[in-house]
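Below you'll find the structure, written out as structure tokens, and then a few comments.
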Amino acid sequence: MAVPRAESKRAQKAVLPTKTVRVPGIVRRRPRFAEFCLVRALKEIRERNQIVPAGSVGTVVDVVRGGAGYIVEFTLPNSVVVSARPSELTAA
């Protein structure tokens, strides 16, 4: 059975890769930590009256701006979600 020409063009468009837009001045870098990686706080992290002691282990929940920052959930000594810079974290 032959496929009508209009449908075959739609199928071809769906398979084609999307156009990459390059913006001058933006450097794409690989994040230091991926989502759901275990990380350790190198120093005390304070945010909105929440304190994460140095040495606490947490999980990366979100990568912000390609690794410029991270949203991390720490569970001990209490459950806290904070934003952290890469310089404040190391792999656990």
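Which one is surrounded by the fewest Cβ atoms within 10 Å (Cβ to Cβ) among residues in the stretch 75-92 that are among the β-branched types (Val, Ile, Thr) and in a strand (DSSP E or B)? Here the residue is THR90.
Yes or no, residue by residue, for (1) hydrophobic (A, V, I, L, M, F, W, C); (2) modelled with pLDDT under 55; (3) surrounded by 13 or more Cβ atoms within 10 Å (Cβ to Cβ):
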{"residue": "GLU7", "(1), (2), (3)": "no, yes, no"}
{"residue": "PRO31", "(1), (2), (3)": "no, no, yes"}
{"residue": "LEU38", "(1), (2), (3)": "yes, no, no"}
{"residue": "GLU73", "(1), (2), (3)": "no, no, yes"}
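From the residues in the stretch 49-66 that are β-branched (Val, Ile, Thr) and closer than 14 Å to GLU35 by Cβ, which one is modelled with the lowest pLDDT? Among residues in the stretch 49-66 that are β-branched (Val, Ile, Thr) and closer than 14 Å to GLU35 by Cβ, the one modelled with the lowest pLDDT is VAL64. Restricting the first member to the stretch 75-92 and to residues that are in contact (Cβ under 8 Å) with a residue 24 or more places away in the chain, and the second to residues that are of a type in the set (Val, Ile, Thr) and assigned to a loop (DSSP other than H, G, I, E, B), no beta-carbon pair is closer than 7 Å while six or more apart or on different chains.
The values are calculated or read from the model by the stated rules, or taken from the named source; none is laboratory data. None of these values were measured; they are calculated from a predicted model. All Cβ positions, even for glycine, are placed from backbone atoms using ideal geometry, and neighbour counts span all protein chains on display.
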